[in-house]
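The values are calculated or read from the model by the stated rules, or taken from the named source; none is laboratory data. Worth saying up front: this structure is predicted, and the values here are computed from it rather than measured. Glycine gets a Cβ as well: all are built from the backbone with ideal geometry, and neighbour counts include every protein chain shown.
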Amino acid sequence: MRRSSLTVFIAWLGVLCATSALAQAPDSRFSAGGYYRIMARPDFQGGDGRLGYGNLYGRLMNEGPYAALEMKLDLLQAPPGTTEIWASLHARIEGGTVFSADSSNGSLANFRVSQLYARAGNILAPNVVWQLGTQQYFFGDLGLYDIRPAQLFDDTIGLSARYLAEKFDLLLTIGDAGFAARGLQYVPLLTAGAAIRARFGGHFELGGGAQVSVEPFIDGNRNSSYVTPTVRYEEYVRREVLQRYLEDFPLGFNQFPLPRPSADTSASYRAVGYLGFGGFGPVRWDNFFIRYQRLHPQNFYTDTDANSGRSVQIYVADLTRDRYALLMGNELQLKLIPDRLDAVWSVLYSQNRDYANSIKASEDNRIAMSTVLRLQLYFTRSLHLLFETSIAQEQSLNGNLYRSNFDAIFSSSQGVADARGLEYGDMKTRNTVQLKTGLVLNPTGFGIYARPSIRLLYGFQHSTQHAAFGNAFVQQLDQFDAFRPRSTISWHHLVSLESEGWF
Amino acid sequence: MAPLGFARVGGLVLSRAPRLLAVLSVLGLLGGACIPRIPIQRLPTTTPIAVAYVVDPAFAGEPTTAPEKLKAVIAAILAERNLQPVELPLEVVKGGKLTDTRMAAMREADTQTPYLLLVELRVQFFSQLDGRYRWEVGTTLTAERRQGTQVKDPFEVPIVLIYDHEKQDAAMVAASHDIGSRLGVLLDGLLSASATAPTAASAKPGAIYFVMVDRFLNGNHANDADADPSDLSAFHGGDLDGLIDRLDWLQSLGIDTVWLSPIFTMRTEQWHGYGAFHGYWTFDLASLEPRFGTEQTVVKLRQALRTRGMKLVLDLVLNHVGPDAPVIAAHPGWFHRRGGVTDWHDATQLETFDVHGLPDLAQENPEVAASLRAATRRWLRPRPA
């Protein structure tokens, strides 16, 4: 047995050496690539160095530092022009902090192994790539937003087969999304789906796909879909279920209703669509993405009695079953004047609905829309001028979510403050405008997305919300602000020296 | 109140921004202009160069040719050096799997052009990476002056593409700037080595392999004499024929210069228990030790090296002669005869005393110097006046 294993091992080594010797163009067995962005943005206005709250206003100056490293090891290399089996192993580590660039100071606790999978080809069928492990797949990217609406299986561990042909690709995936959805409250979420991408003459692409996750009920598993009976929605969102119960039954803690299995199967789904076209006139390429999804029901949270310190689990599957999200976006890249002026124009629309929730203002019931335009003028091959502007509107569908001034805590809806948090301010709508401009040094030459780039940027934001940028001052309505400003802060200014690149 | 903040902060920045921008732009342009450029080797007349492109498939499939945009970049690099590309069809090289085979096919297909260039590519998908698509473009550039120097540059270019529909061709086009830059450097090296008279820089060897001739390879058993490979002190039979047989292997290691242990008439008997196979006990620098080869063998070795673009270094022992060399009795005045070195920090001793008892030549003696010079010149290639 030992001798046969040794023989196989030696044969394996022989295959590795022989195949690598055949390729004349170099083909490294190990390779690594990645992405980084790092910036210095001193923020004198009390912010955290980001212009606004998020990527809805464009990724530029709204994202912090980030680093990703992906490694690939070819376990078995196929000689060129053959149908011999090949296999590779991929691992990616990434995270959003760098020492001295953000408040986490580069803590490795903020990094994670986000991708780990093995790929193999020419097994069972030619032109089929098998992938075992993480399964992230996306049709493309809204580069100005750093958002990938048409993304599938990013929550799935499993097995996929991707058939690659000249005119189309077909992807079939099956796996488990339980850990991504539930974490410590893990329960198996059997996930399956497919995606197809078809190409028409090099100028058009059409794609679509869907994934469905179903949670089998497992009797006796505390993480399965149970519900706590007689829970009213408002008590749930206020986290006052146990408090109200004990007010009604002061000595009834031990009689708190036990959870029972939900009558409905917990399931979620996601459907995505994609249309791409370009390669004619000034249009380099246009990507349109759409995603519609039903979010998976949540499981339980822990409610604690402030007096006794005793706690119970409140099961909420039936209260979180009707959550939906629509996201669509378009990005158009134009070559306005070749090697002199390029433009990218993006629009984004999203709508989130939680039909069970008709009382609490939150981002679960919100419409957001935005448009971003970036122009890049090339002084020379590597010295460019960047100009970007964005306009965004966010509308709360369930009451006031935003605050117009620093003391809006005292002037909530209809002048009635709700310090317990069903409303977050005194405005239903937040309008935001940003503008960023500056010099870009691109060693690799022309292109809005050419990287790496070194940028010296100035940007400002105007928002109808008070202090609409990440800071520690005004996050909560009930937060006492001892350093209240003399006026509403609508503007935010930043200068940024930054670098970004893929490698 | 809000506009006040904008006027104070934003106004300051906006009013100065154009001036700052202009200053930085000028600095950038000036900075770019001040960077010295490496001179390009340009041939005096337009010279054709046979060029072949082959893109090996990542997996199954047939080799293809390179995209036209990459070819255009390469043509521009060639034109800068006054080289006129003559593209050979893919069929010439697609049958071969190895660079050497493909180069041989090019030489056979085109017997006229003085230069050859083979561009081999292989493009592989790496991964979807943070919204982008990363590819790797493996490239080997091989350039050759017909019957002369061959230079090769294998490298990989990482490429990040924005869109999924951009596949291998787009990756190669994106890599064309890098490939062109590397090709320029490679060609400059080739042209400077072959088109101009040797200079100190161009004659500088790359990688040197020292050959202990007797221990390298026995290529001719007829000259073995009393060789005995079982005796560590004896001659083992290695010779110049054996070296010629292994030149391809040496070249595959990246060797471009071969340095031989002394191959001249020498003492062949052991001395104080030490063997003579190393060749440093020379008797006559003007004649060859028959165990290693004849003058015809040296000529054959030279030609074999020249066709591979390799260089030869002969090790002439000018400090001393071998024990009991006939020249000691014939010209006793050619030696210092001051005894062995006792103080290795004494420069005078090092220059004029015997090293380990080996008779030290008095190079300051004009007769000795003339003799050594004559022996040295004997092995140099005749140069045009």
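Assorted remarks:
- Selection count, segment B:330-351, where residues are surrounded by 12 or more Cβ atoms within 10 Å (Cβ to Cβ) and of a type in the set (Phe, Trp, Tyr): 2
- Evaluation of A:Arg321 against (1) free of Cβ contacts under 8 Å to residues at least 60 places away in the same chain; (2) closer than 21 Å to A:Gly54 by Cα (one fails), failing number: (2)
- Filter result for A:Leu422 (part of a loop (DSSP other than H, G, I, E, B) and over 13 Å from A:Glu500 (Cβ atoms)): yes
- Selected residue (only one of A:Ala271, A:Ala263 is at pLDDT 95 or above and more than 14 Å from every other protein chain (Cβ to nearest Cβ)): A:Ala271
- Within segment A:180-210, if we keep just the residues that are of a type in the set (Val, Ile, Thr) and assigned to a strand (DSSP E or B), the residue that is farthest from A:Phe288 (Cα to Cα) turns out to be A:Thr191.
- Among the residues making up segment A:121-132, those that are touching a residue at least 40 places away in the same chain (Cβ under 8 Å) and either surrounded by 15 or more Cβ atoms within 10 Å (Cβ to Cβ) or within 21 Å of A:Asn55 (Cβ to Cβ) (or both) are A:Gly121, A:Asn122.
- Residues of segment A:245-274 satisfying the condition of being of a type in the set (D, E, K, R) and surrounded by 14 or more Cβ atoms within 10 Å (Cβ to Cβ): A:Arg270
- Verdict on A:Gln465 being surrounded by 15 or more Cβ atoms within 10 Å (Cβ to Cβ), in a strand (DSSP E or B) and at pLDDT 70 or above: no
- Search result, residues across segment B:75-107 that are more than 14 Å from chain A (Cβ to nearest Cβ) and touching a Leu at 6+ places or on another chain (Cβ under 6 Å): B:Ile77, B:Arg81, B:Asn82, B:Pro85
- Qualifying residue in segment B:38-60 (condition: within 14 Å of chain A (Cβ to nearest Cβ), surrounded by 12 or more Cβ atoms within 10 Å (Cβ to Cβ), at pLDDT below 85 and in contact with a Lys or Arg (Cβ under 7 Å, 6 or more places away or on another chain)): yes
- Restricting the first member to segment A:224-246 and to residues that are aromatic (Phe, Trp, Tyr), and the second to residues that are in a helix (DSSP H, G or I), the beta-carbon pairs closer than 7 Å and six or more apart or on different chains are A:Tyr226/A:Ala317; A:Tyr233/A:Leu319; A:Tyr236/A:Leu319.
- Looking only at residues in segment A:199-216 that are free of Cβ contacts under 8 Å to residues at least 60 places away in the same chain and exposed (fewer than 15 other Cβ atoms within 10 Å of the Cβ), the one that is farthest from the chain's Cα centre (by Cα) is A:Gly201.
- Residue within segment B:225-236 that is out of contact with any Phe, Trp or Tyr (no Cβ under 9 Å at 6 or more places or on another chain), buried (at least 18 other Cβ atoms within 10 Å of the Cβ) and either among the basic types (Lys, Arg) or modelled with pLDDT of 90 or more (or both) present: no
- Per-region count, segment A:40-53, residues surrounded by fewer than 18 Cβ atoms within 10 Å (Cβ to Cβ) and either more than 10 Å from chain B (Cβ to nearest Cβ) or not hydrophobic (A, V, I, L, M, F, W, C) (or both): 5
- All positions within segment B:157-171 that are within 11 Å of chain A (Cβ to nearest Cβ), closer than 14 Å to B:Leu121 by Cα and crowded, with 21+ Cβ neighbours inside 10 Å: B:Ile159
- Taking segment A:224-247 as the range and being modelled with pLDDT of 90 or more, among the polar types (S, T, N, Q) and more than 16 Å from A:Asp322 (Cβ to Cβ) as the test, the residues that pass are A:Ser224, A:Thr228, A:Gln243.
- Selection count where residues are within 14 Å of chain B (Cβ to nearest Cβ) and surrounded by 18 or more Cβ atoms within 10 Å (Cβ to Cβ), scope segment A:377-399: 5
- Test result for B:Gly32, at the interface with another protein chain (Cβ under 9 Å from one of its Cβ atoms), exposed (fewer than 15 other Cβ atoms within 10 Å of the Cβ) and modelled with pLDDT under 55: yes
- Within segment B:223-250, the residues that satisfy the criterion of being under 25 Å from the mean Cα position of the chain (by Cα) and part of a helix (DSSP H, G or I) are B:Leu240, B:Asp241, B:Gly242, B:Leu243, B:Ile244, B:Asp245, B:Leu247, B:Asp248, B:Trp249, B:Leu250.
- Options B:Leu372, B:Leu312, B:Leu305; residue that is in the same structural domain as B:Gln270 (by TED's automatic domain parsing), touching a helix residue (DSSP H, G or I) at 6+ places or on another chain (Cβ under 6 Å) and not in a loop (DSSP other than H, G, I, E, B): B:Leu312
- Residue in segment A:469-492 that is modelled with pLDDT of 90 or more and among the aliphatic types (A, V, I, L, M) present: no
- Complete set of residues in segment A:107-142 that are aromatic (Phe, Trp, Tyr) and within 11 Å of chain B (Cβ to nearest Cβ): A:Tyr117, A:Tyr137, A:Phe138, A:Phe139
- When the residues of segment B:128-144 are filtered to those that are out of contact with any Ser or Thr (no Cβ under 9 Å at 6 or more places or on another chain) and at the interface with another protein chain (Cβ under 8 Å from one of its Cβ atoms), the one that is nearest to A:Leu144 (Cα to Cα) is B:Gly131.
- Scope segment A:143-168; condition touching a Phe, Trp or Tyr at 6+ places or on another chain (Cβ under 7 Å) and either within 26 Å of A:Tyr53 (Cβ to Cβ) or within 11 Å of chain B (Cβ to nearest Cβ) (or both); matching residues: A:Gly143, A:Arg148, A:Pro149, A:Ala150, A:Gln151
- Here segment A:117-175 is the region considered, the condition is being aromatic (Phe, Trp, Tyr) and in a strand (DSSP E or B), and the residue that is nearest to A:Leu332 (Cα to Cα) is A:Phe138.
- Meets criteria (more than 30 Å from A:Arg486 (Cα to Cα), at pLDDT below 85, crowded, with 16+ Cβ neighbours inside 10 Å and over 26 Å from the mean Cα position of the chain (by Cα)) for B:Leu21: yes
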